[in-house]
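The values are calculated or read from the model by the stated rules, or taken from the named source; none is laboratory data. Just so you know, these numbers come straight off a predicted model, no measurement behind them. So basically every Cβ, Gly included, is an ideal-geometry build from the backbone, and we count neighbours across all protein chains shown. Surface accessibility is based on the protein's heavy atoms, side chains included, excluding ligands, DNA and RNA. Shrake-Rupley method; radii C 1.70, N 1.55, O 1.52, S 1.80 Å.
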Amino acid sequence: MSVQLRETAQALAQTLWREHTVYRERSGGVVIRGEHVQRWISLAPAGGRDEILVRVGRILDGGTTAPARSEAVVPLSTETVQLAATCRRLLAEAASGPTPAAARPTTAHHAVNSGARSGRRAGGRGFGYWAIVACVVGIAALAVYGASVGT
């Protein structure tokens, strides 16, 4: 599948942009970088056998990539012209969103393979979790105190 994915990425890159760089990721996906338009497109195997996950994001100042802004699952057998139309739609969605000034710069590989795109720390607990734990502990302490004072 990786050979077919790379061939698809090469054809797509030539259709979309005159200037581009295509490279393979460690995960088996392929990334197309368009430095002149400050955008990247990632093609990776999806859950289905003949499906690919198309993700689009921005290239930040300094050449680092922001996490994906838009994504879609497309059949790998889709014609290049139809795949290009899907990518143009995703690129338009990414361009219409707010600028990623607050986005943490990451590499494309890191953004694809980490939980960074979900906005949550991996394995961490948020403030809401600890607030609920504190309330439950406080209620339990009040119940124990009330039981000991009442006897």
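Data table
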{"read-out": "Region 15-94, accessible area per residue, ligands and nucleic acids excluded (1.4 Å, Å²)", "value": "49 Å²"}
{"read-out": "Backbone HN-Hα couplings from phi across region 42-53 [Karplus 6.51/-1.76/1.60, Hz, Gly and Pro as x]", "value": "10, 10, 9, x, 9, x, x, 5, 10, 10, 10, 9"}
{"read-out": "Carbon/sulfur fraction of accessible area - region 5-77, other protein chains in place, 1.4 Å, %", "value": "44 percent"}
{"read-out": "Coil-residue trypsin sites (Lys or Arg not before Pro) of region 1-75, DSSP, other Cβ within 10 Å capped at 15", "value": "R18, R26, R49"}
{"read-out": "Cα centre as origin, Lys/Arg/Asp/Glu Cβ charges: region 1-59 dipole, Debye", "value": "160 debye"}
{"read-out": "³J(HN,Hα) computed for each position of region 29-35 - Karplus, 6.51 cos²θ - 1.76 cosθ + 1.60, integer Hz, glycine/proline x", "value": "x, 10, 10, 10, 10, x, 4"}
{"read-out": "Whole-Hz ³J(HN,Hα) from phi, Karplus 6.51 cos²θ - 1.76 cosθ + 1.60, for region 68-84, glycine and proline x", "value": "4, 9, 9, 8, 7, 9, 10, x, 5, 7, 4, 4, 4, 5, 5, 5, 5"}
{"read-out": "Of I59, V3, V37, farthest towards positive along the dipole that unit charges on Lys, Arg, Asp, Glu beta carbons give region 1-86", "value": "I59"}
